Structure formats: structure tokens, C-alpha cells
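Undergrad: Below is a structure I'd like to ask you about.
The values are calculated or read from the model by the stated rules, or taken from the named source; none is laboratory data. Just so it is clear, the model here is predicted, and its values are computed rather than measured. As a convention, Cβ positions derive from the backbone with ideal geometry for all residues, glycine included, and neighbour counts pool all protein chains shown.
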Protein chains: 2
Amino acid sequence: MPQYHAPLIDMQFLLHDWLNISKHYQALGLEDFDAELVNEILNQGAKFAQEAIAPLNREGDEQSCHLVDGKVTTPHGFASAYHEYIANGWNAMLGSADYDGQDLPNSMAVPVHEMLNSANLSWRLVCMLTESAVLAVNKHGDDKLKRTYLAKLISGEWTGTMCLTEPHAGTDLSLLSSKAEPNTDGSYSISGSKIFISGGDQDWTDNICHLVLARLPDAPAGVKGISLFLVPKILPKADGSLGEANAVSVGSIEKKMGIKACPTCVMNFDGARGWLVGDENRGLACMFTMMNEARFQVGLQGLGIAEASYQGALSYARERLQSRAPQGVAEPAKKADSIMFQPDVRKMLLTQKALTEGCRALAYLYAQQMDIEKYGDTEQAHEAAKVIAFLTPICKGFMTDIGTDVSSLGIQIFGGHGYIREWGMEQLMRDSRIAQLYEGTNGIQAADLISRKLARDNGLMLAATHKMLEKLVADIQLPASLEFAQNILDDWFSTSKLITTLDPSDLAGAAYDYMHYSAYSILGILWLSMADSAQHSNFASIKSGKANTCAFYLKRLLPRREGFKANLFSGAEDLLTPADNEFDYQ
Amino acid sequence: MPQYHAPLIDMQFLLHDWLNISKHYQALGLEDFDAELVNEILNQGAKFAQEAIAPLNREGDEQSCHLVDGKVTTPHGFASAYHEYIANGWNAMLGSADYDGQDLPNSMAVPVHEMLNSANLSWRLVCMLTESAVLAVNKHGDDKLKRTYLAKLISGEWTGTMCLTEPHAGTDLSLLSSKAEPNTDGSYSISGSKIFISGGDQDWTDNICHLVLARLPDAPAGVKGISLFLVPKILPKADGSLGEANAVSVGSIEKKMGIKACPTCVMNFDGARGWLVGDENRGLACMFTMMNEARFQVGLQGLGIAEASYQGALSYARERLQSRAPQGVAEPAKKADSIMFQPDVRKMLLTQKALTEGCRALAYLYAQQMDIEKYGDTEQAHEAAKVIAFLTPICKGFMTDIGTDVSSLGIQIFGGHGYIREWGMEQLMRDSRIAQLYEGTNGIQAADLISRKLARDNGLMLAATHKMLEKLVADIQLPASLEFAQNILDDWFSTSKLITTLDPSDLAGAAYDYMHYSAYSILGILWLSMADSAQHSNFASIKSGKANTCAFYLKRLLPRREGFKANLFSGAEDLLTPADNEFDYQ
């Protein structure tokens, strides 16, 4: 497996040159944070990702997880890497200082999360779910719940899970049937079976906090009758030490296409004791608290995998000698030219690069908005929240589609060797494929974008996103680039506004195309903006590299936008017309 | 895993209604073959594929192949299914009657091959390679070689392999280093190591015939110094019975992303005895004899997987109840509507269907051309050979890309369950992914199409293909469809002719886009032609189903052609310009 190196130069370019992160922290009154600290965190994060968890990735896939006597074992080295991770405080990056967290801005943590995804997605996934649990308990838990669980979840002494899906309730949580019966002591007895639970059990920590959706007796039908509960694997005693085991067990470990080193479990709750998080019957709303964050984090998985695949393909292309370049012999001293000189291979590499770096720009811009939502004044926070709501399904849906496409190109550049597990390239594609499915399939993201985010609330989320992008465009200095970016923005904004007039089935038919049309448009703007700032960079390769990759993106990838745009207004009739028996000629 | 059913109604529609196969046989003087026999073979082939090998597919992936004491074991049931296959004569379908083959037209065998690919690609692969070996020995072997090996390969008593690739010689066979030293008895001693050898060893038959590329002493460097040898696993005695083991051994079994039930071996030849096939130093030419056939067969693997994935997704979509349809409640008596009513799911299903049935039409049209090449008069055969040469890289490259795209959609329709191995949908994607890589990567197919097939020989292969398609267009009865098809054809033909003027590096830069531009154009013509013939069908669902799917293809998929066309003439400069250090900012 090619060794992973965190793309520090690009990360630093984005944070310092493009986003001007020090100034951004100053504007938010975050005086403890500056460029130096950013670089320190990037460097240390890179060291941990490269040295501690990347080396476990390939072997972890082969070993996978096992269920022995009801307990899960994870691959060799995973637990000790986790102990190093929490000892060094990485788990606490985003946690509240009230519970011993570091309260770092998201713009500092997100690049590290990206690195962890590149290095070892299976390993990262368990930590990511703890972060989601922290958000839920922090926002909706009562004081006692916080006192008991929050510091331990933030430090990483305990991990967290999200127990939502049931065999017949995935996209449609209204169908879920897990039950919660109130006990006399204020706790509840939770019963039901949940599937696809990442980190449902592990051999890393003494306790696991499951956040479980279930129905109270006499709760209304549908999603308005769902409540959220915290159900610990081991019941803590009053003094916080571990007591008896709760009635929570692992039914089985799912056998999956990829992320095999992540223990994805079927979890059984048999009258397990749990505590309400938030209000009764408001579980779905509590869950949505962490939805933006979790969906963005899944998008970041697509980015992480794309970067890892690009790095592998690039180093292979440079080394693999095969045939001569069609434009003329490139390396006469060698038996053949490296395939790096083949135009078709370069096209694949530049496609990987332009999409990966474009997604990184989108992700860091999103992280900057998260900072503003967290630390800005009320109006700023309100505006940022709208931008985040709008961009979340795009980040999740587009970046994970890109993760799979880019990792497939990585295999292709390797030729037959890409299919052999030892090289690690096919694992990246298998690992990536899950990200298009969980936290809401990408079809659900597209529906969320077009129906909830675009068409509702009089287009306020669209307007806020447009305003943010408009500012980015206005800062472009080269007039031709500014004009190009303005055209992309205008085309996208006017098209988006028109879409809000469609009826529900036409919206549903246009959803996926709209998500991709928007993403390719936004990436076009980001590329023009990046290439423009790169002209002031001291790195010669950043200056010319961003300019040339931007040109490649505009010429070869931006036109895909047209394909997605073509059918936005042609309705869903052709989708709905075919009779059932036309599908298989029965 | 959803049960596979051969799509007999579509197959029969294509062969009888669309291609008018009885008339085609009559025109070629093939009096023994008629519609009734076609149906008999389709029905029996379906029975075998569905009952004998499809049930082994899922478990075969889990068991995979193992190397124990130098011998390969394949998954449970694989060997006995093979024995049933050869006992029923399936292996001999295309073999020469001189060696007890059935000499069936390709148009009869190809639908059965498609079924086998849908049912169990790993299993099929070993048989497919025997067919390639038969072609090579039949065309280039001397009489003694034929007498010794051909009947046994055709009956399937022995299998065959193709030993081409070495660790440092894949795409570029000029780099291969295996050696062949002449012995005094007319045989040769072959030494070297080969990788990625499908069916390199198995527990199905007593003997295996390896076709091995190697260099004679003092052979010219490069591809003009490569010879082809037949190297049996067990040396046959003069009477044809099995004698001593040859110096051929399995180094290891490759651990792969998919086709895990196919024993893909590293093969070591340590002075193994072999016999020359064809002339000295003409090994590459001999190999190219079977290249069209083998590449087409790999394309057919993409089709087979696409069909299997579509079937799985369709049956799941009909059963999975989740949410309500945005156009209004569809199944009020149920807790939720089946996802079959979701416009976005229908779009995915129709995409799968339109691409799969379009590729099937292309494959069967190609098979018809193979019949003409084999049985037609000299001029007909010559023309058909040109069409075949042109369409081969399109069939291989496009149909295998579609195999992966369609099987990825199949996973997506399943949501999270698509990622779980038990359902079989993710296996289809993993199995499909190899077909884009072997028998020449799809990048190599694209280069072959644009450089060898299109630009060479004064465009004669293009002209022959255009003529064949023109005839198909002229037969369209509905004037609007005829005009639409003619426009697609004219656009493609004029664009193709212009491309021949490009220089080598611009050709290389445009290759992949040209392959897809051509494929989407040709499928557009085939869809209009199919939908037109379907209007005379007695099956109501064929009539409306082909019309509606054609409309879907023209509206939603044909426009992709524009994206591929956009950059055909913009040169490779943007691909060649970026300096090496711009790729990773070193």
C-alpha cells in the first residue's frame, strides 16, 4: 500500500492563503488561535495519521472484526492506536472546555479528520461516532446526564454510537418499532434490535454509550413519536465508576463490502436501562442536531479516500514503466517511459486531483462557516447556519460520490495490480462505497437539498449560500476569472430559483441532477477563487499547479454541469410513465 | 442474493424480432439452424445458468480458492457444475465439428455466455479461457498439436489458460522476459513467471493447457521477438493418456477485490516442456487471433453483471416499503409505499435498464457480425471482420464500464443493505471491476479504437461500421425515429472522420472520450431501431416498454454524448503542460 502523506502544502495554502484563517479567528475574537497553532496541529495530526493508523489500514481489512463469546475483537493495533489518540487529546479537539474539551475551531479539526479518513477509515469511524454522541448529549442532555457521560465521551475514555436503523426502518424512521417503557426511577427500559451500528462493540474502552431511538408507550405514530435515549453498555454507579452490565448485546457483526475493520454490529436491547436525551417524542429533532455535522463528516470521508487514492495512483504512475509516450520518447535511458507520460493516465490523475482539491476547498470553506456559526455574533451565526444547512447535503452527497469515482480511477491507473488487495487501491474503493449509503443515502441527500433546503423557507438558505459565494467571487482579482466565476454563480443562482417552482414529483425527479449540477458549479467558483489566490503564493508549484489544475477543471470537468442541468426542468413524467411490467416484460 | 432469471423475453425479442435471426441463418446457408433451435438453446442455457451455477455464486465468493500443497481447490460445487456443463456439451458450442465441437453460430452461443456471466462470473471465467485457447490452437497449431489437444479442450476434458502478463510486462508485452530454449526433440523448455493467470490451476480436470508467451534465444527485442507455446500441466503420452507432471507450478493465488472464486494464479515455469504454436517470433500475432473474441467476451461480462444487478435492484425496489411517494400515496393499504414509486429510484432503475438492454443489443449485433465473418462469402466476411475490429474495443471498454456503473446503482437502490455481502449486490460490483482491467485496460481499448481502428487503414473499419449502422437506420419505419437515428449517425460519422486528422498525443488525449462518445451514439441508434421493431411485437410490455425506455435513453442518457464530444478536438496540451511537481506541490 502506498504510504500516506498528509497533503500539508495544499492544506496550508487553503487555510492561510485562501481562507486567511488568522484574520478569520481575529474577526471572531478567537485570540488564542493563530497560524502557528494551525500549523502545529496540522503537523502533529499528520504525524499521528501517517505513523499510528495508516500502517494498520491494509492489515485491518484482512483481519476484520470478530465476535467471540459475545465480545468484539478489532484488528491488531487498533486499540493501542486509539489509546495513543486519546492520550494525545485528539478526541477532545471539538469538545466543550466545560468538560475538559479543547474547544478548537472546526477549521482546525477538520483537516485532521480528513487525514484520519485518508489513513484508516474503519478506525476513524468509531471516533467520529463518539463526536456525534458528544454533540447530542451536550445539546440535549440534562445536567446529570452531562455530568455522568460528557467528560468521558470527550476524553475518549468511553465511545459513543448512534442506534437508528432497524431492518425495516432505514430512510423511513417513522417505521421504527424499538420500545421504551418508563421505570419508576426516571430511567427507561429499552427493547428492540438495531442494525448497521458502527462501533456497536469494540475492545478499546470499558464502556460504550449508545444513543438509541425508540418509542414510548402511547407515543404518536410516525416520526413524531420517537424519542432518543442514552443506553450505556455498562451501567455507571453513582460515583461514576463502572457497575453492572446493561441488557445490551451484540447480535452479530455485519459482513460488508469494505470498512471491514470497523465493527458494524447488529445490537439487541432487551429491556436495557436508558435515559431520555431531550424531550419525549422529540428524538428525531435531537438527532437532527448532529445530522449536519455527521453528514459533513461522511462527506469528508469521501475526500479522505479520494486523497489517499490519488496519492497511490500518482506514485505508481511515476514508477511504472510501460510503453513509450505517444508524444515522443520521454525517458530514453529507461526500457520504457513511466505511464506518467501517457496523456490518458495524466487525464485520470488530473481528474482525481481537480476533484479532490476542489472538494477539500469546499470542506474547509464549510468548516470556516462552522466556526462562524459557533463563535460569530447572532446574525453571523444565523447566516452561517443557513449556509451550512444548504451545503450539508452537497458535501455529503457529492464528496462521497467523488470518493468512489476517484478511488475507481486510482484502481484503473494501477491496471491489473489495482485489483490485487495487497496494493490497497481496491480497498479504498470498497471503503469509500459505504459513504454513499450511510447517514442517509445520496438520493436522500439530493431530496433534502432540493425539497427541504432549496424549496422551503422562501429560499433563504439558497440566498445565504449565494451571498457567501458572491463575496468569494468579488474577491477574485484577475478580471477574466472574476467574470467566469460570476457567470457560473449567476447561472446557478437563477437556475436554482426557478427550480423552487416545481411540484414535488418533479423536484424528486430532478433532485440528483440538481445536487451534482450545484456541486460542479460551486467547485468551478472555488477553483477560480483558489487559482486566483495562488498567484500570490510563495510556492512556485502552488502558483502554476493551481492555475493549471483550475484550467483543467474548467475545461474537462465543469462541462459535466451541463449534462446535469439538461433535464432539471423536464419533469418526472418519463420516470413515472413506465408500467410495472415494462421493467421486466412480465 | 436475488435469484437470477435469464431475460428470455428480451433475448428472444432481440434475436427474432430485431435481428430476424432465422432469415440471417438462411442467408448464410446455415440450414440446420432456425428459431426453434435458438429457443431451445436459450431455454436450456437458462436452466443450467439458473439452477446449476447461479446458486454457487454467493458462497463461492465467501469460500474463495485455496492453494494446499501446491494444488488449487475451488469452492464447493464448482467442479461438479463444470462436469455437468461439459457433459451437456455447453463447452463445445463453438468448437469445430472436426474435433467434435458443435460449430454453433456465435449468435446462439453469446446469449448463453451472457447468462453464465450473470449467474457466476468466477465460474464462467475458467471456461471462457478454454475457448480462447481453442481458438489459438485451432488457428495456429500444427496437426499434431491439434490432434493431441483440440478435442479435449473443446469437450472440456481439459481446460486452457492464457499466460501473458509478467510483473513488469502488462500493457507493454515488449518487456516480457520468459524464456524458451529449444530441445532436440522439437519441444522447448519454458522458464519464467506469469501473473494474473485465471484458471492457472483448478480441481475440475486432470490436465490444463497453458498458452505461454516467451522469448526464444537470440529473438529480436520487443514484441517482434515473442513466441507462443502450449505448455501442458501434465505431459500427454503418445497415446494421449496422461504421463508425467510438467515443470509447471502455482506460486500463489492472487488475493483480489472480487472474482474470488476464480483461481487467479501466479504460475512458475521451470524449464517446462512446451510446443510452439504458430511461427517463431510471431506469438503476438497468434495471440491477437483470439483478442477480438476474448475482449468481446469480457465486454459480455459487463453486460452479464449489469443484468444481474438490475434484476436484484428491481425485485428489491418492488418489495422494500419505505416512505410515501412524492407524487401521492401509492399503496394506501401498506405502512409505506414501495420505493419503486420514488422518482429517483425509478431513474436509477431505468438507467440500469436502458444501459443493460442497449449493451445487449450491441452484443447480439456484434455476434451476428461474427456469424457473417465465419459463414459469409469472402466479401461479406471481410466487411464483417472490419466491423468486428472496430466494435471490439467499444464492446470491451464501454460494456465493462457500464457493468460497474450499473452494479453500483444496484447497491445504491438497496441502500445500506447493498453494502452487506449476504445480499450479493456488492459482490456484483467487485466482480465487475476486474473487467475494466484485464484483456487490456479500458484505456488501452480506447487507444486501440482511436489509434488503430479509427485512424489507420484510411478509415476502412469506420466506413464498414458506418455502413452496417446505416442499414439499421434505413430500416426504421417511423419517420421521426429514422430522422433522429440518422442525425445521431451523421454526427458520429462526421466527427469520427475529423478525428483521424489529429496527431498521436491529441489522439491519446481524446481516446477515452471518443470511446464513450461513440458508444452512447451507437446505443442511441440501437435504441431507436429496437423501439421501432418492438412496435410489431405481440408482447404488449415489449411494445410499450421498449418505446418508453428508448424515450428515457434519448432524453436522459444520450446527452452524455455531448459531454464526451466537447473536448475531442481541444488537444492534449492541458494534459501535458503540468510540471511533475505540480501534481503534489513538492
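Undergrad: Which residues, taken from the range B:412-437, are more than 7 Å from every other protein chain (Cβ to nearest Cβ) and closer than 25 Å to A:Glu166 by Cβ?
TA: Residues satisfying the conditions are B:Ile413, B:Phe414, B:His417, B:Trp423, B:Gly424, B:Met425, B:Gln427.
Undergrad: OK, next. Cβ-Cβ distance below 8 Å, separation of 6 or more or different chains: which pairs start in the range A:297-318 with a residue that is of a type in the set (D, E, K, R) and end on one that is part of a helix (DSSP H, G or I)?
TA: As it stands, the answer is A:Glu307/A:Glu114; A:Glu307/A:Ser118; A:Glu307/A:Thr356; A:Glu307/A:Arg360; A:Arg318/A:Met340; A:Arg318/B:Asp580, since those pairs meet every condition given.
Undergrad: When you check B:Gln301 against the structure, is it within 14 Å of chain A (Cβ to nearest Cβ) and within 16 Å of the chain's Cα centre (by Cα), yes or no?
TA: Yes; evaluated as a whole, the condition is true for this residue.
Undergrad: Out of the helices (runs of 4 or more DSSP H) lying entirely within the range A:469-586, which hold 2 or more residues that are under 30 Å from B:Cys550 (Cα atoms) and within 8 Å of chain B (Cβ to nearest Cβ)?
TA: Once the helices (runs of 4 or more DSSP H) in the range A:469-586 are filtered for at least 2 residues that are under 30 Å from B:Cys550 (Cα atoms) and within 8 Å of chain B (Cβ to nearest Cβ), what remains is A:504-534, A:560-566, A:573-576.
Undergrad: Are any residues in the range B:450-468 polar (S, T, N, Q) and within 14 Å of chain A (Cβ to nearest Cβ), and if so, which ones?
TA: Selection gives B:Ser451 alone.
Undergrad: Taking the options A:Leu175, A:Leu121, name whichever one is more than 18 Å from A:Val277 (Cα to Cα) and touching a Lys or Arg at 6+ places or on another chain (Cβ under 7 Å).
TA: Of A:Leu175, A:Leu121, the one residue that is more than 18 Å from A:Val277 (Cα to Cα) and touching a Lys or Arg at 6+ places or on another chain (Cβ under 7 Å) is A:Leu175.
Undergrad: Answer with yes or no whether A:Gln327 is without any contact (Cβ under 8 Å) to a residue 60 or more places away in the chain, buried (at least 24 other Cβ atoms within 10 Å of the Cβ) and at the interface with chain B (Cβ under 8 Å from one of its Cβ atoms).
TA: no
Undergrad: Take the range B:167-177 and flag every residue that is buried (at least 19 other Cβ atoms within 10 Å of the Cβ) and either closer than 18 Å to B:Leu230 by Cβ or more than 7 Å from chain A (Cβ to nearest Cβ) (or both).
TA: Correct list: B:Ala169, B:Leu173, B:Leu176.
Undergrad: Output the number of residues of the range A:438-449 satisfying the condition of being under 27 Å from A:Asn487 (Cβ atoms) and either surrounded by fewer than 21 Cβ atoms within 10 Å (Cβ to Cβ) or at the interface with another protein chain (Cβ under 10 Å from one of its Cβ atoms) (or both).
TA: 1
Undergrad: Going through the range B:195-218 one residue at a time, which ones are under 22 Å from the mean Cα position of the chain (by Cα) and aromatic (Phe, Trp, Tyr)?
TA: Within the range B:195-218, just B:Phe196 meets the criteria.
Undergrad: Would you point out which residue out of B:Val345, B:Val329 is among the β-branched types (Val, Ile, Thr), in a loop (DSSP other than H, G, I, E, B), modelled with pLDDT of 95 or more and not assigned by TED's automatic domain parsing to the domain that holds B:Leu15?
TA: B:Val329
Undergrad: Quick check on this structure: which one of A:Tyr99, A:Tyr85, A:Tyr4, A:Tyr25 is within 14 Å of chain B (Cβ to nearest Cβ), of a type in the set (Ser, Thr, Tyr) and either surrounded by 22 or more Cβ atoms within 10 Å (Cβ to Cβ) or more than 25 Å from A:Met267 (Cα to Cα) (or both)?
TA: A:Tyr4
Undergrad: Kindly indicate the residue of the range B:153-198 that is acidic (Asp, Glu) and in a loop (DSSP other than H, G, I, E, B) and also farthest from B:Lys256 (Cα to Cα) among those meeting that condition.
TA: Ranking the qualifying residues of the range B:153-198, first place goes to B:Asp185.
Undergrad: What are the residues in the range A:176-194 that are within 17 Å of A:Thr161 (Cβ to Cβ) and charged (D, E, K, R), if any?
TA: Residue satisfying the conditions is A:Lys194 alone.
Undergrad: Hey, another quick one. Go through the range A:202-234 and count every residue that is assigned to a strand (DSSP E or B) and surrounded by fewer than 19 Cβ atoms within 10 Å (Cβ to Cβ).
TA: Final tally of qualifying residues: 1.
Undergrad: Hey, another quick one. What's the total number of residues in the range B:134-149 that are of a type in the set (A, V, I, L, M) and under 13 Å from B:Trp275 (Cβ atoms)?
TA: Of the residues in the range B:134-149, 3 are of a type in the set (A, V, I, L, M) and under 13 Å from B:Trp275 (Cβ atoms).
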